[in-house]
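To start, the structure under review is shown below, and the notes come after it.
The values are calculated or read from the model by the stated rules, or taken from the named source; none is laboratory data. Bear in mind that the values here come from a model prediction, so they are computed numbers and not experimental data. Neighbour counts run over all protein chains shown; Cβ positions are idealised from the backbone, glycine included.
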């Protein structure tokens, strides 16, 4: 019984640490989560941290600088788009917002919402980055 409690605590700690590490580190995704999980929880932690890091890393990996530069410099549309919802990285944009593909990289689209330029993943409409 005591052994199960220790393993459960290690898995929980590894999962939490793996997610936090994957969000703040330059080592993103499964690799970052696995490294942190291994440090905190050994082999079980590495497995759990790798899964958590992969999930978080796929959402938070930043777009290439060329895409950011394009979106930052793209002319703003004449119609201003305002939505009530707060624009949050990882959340999809409302369906009422029109997204525009980035010409040289169809993996990304962008929109200007509430006077903020945002880079989105076209198929899911999830916000990848808000450009300040």
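For (1) within 19 Å of residue 63 (Cβ to Cβ); (2) assigned to a loop (DSSP other than H, G, I, E, B), each residue gets a yes or a no:
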{"position": "79", "(1), (2)": "no, yes"}
{"position": "84", "(1), (2)": "no, yes"}
{"position": "88", "(1), (2)": "yes, yes"}
{"position": "95", "(1), (2)": "no, yes"}
{"position": "103", "(1), (2)": "yes, yes"}
{"position": "106", "(1), (2)": "yes, yes"}
{"position": "111", "(1), (2)": "yes, no"}
{"position": "117", "(1), (2)": "yes, no"}
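The numbered conditions (1) touching a helix residue (DSSP H, G or I) at 6+ places or on another chain (Cβ under 9 Å); (2) at pLDDT below 90; (3) closer than 17 Å to residue 128 by Cβ are all true for residue 52 except (3).
For segment 72-109, name all the residues that are over 14 Å from residue 126 (Cα atoms) and touching a helix residue (DSSP H, G or I) at 6+ places or on another chain (Cβ under 9 Å). Listed by number, the residues that qualify are 102, 103, 104, 105.
Checking the conditions here, which among 103, 94 is over 20 Å from the mean Cα position of the chain (by Cα) and modelled with pLDDT of 90 or more? Write out each step before concluding.
Working: 94 fails: over 20 Å from the mean Cα position of the chain (by Cα).
Going through 103, 94 in turn, the sole match is 103.
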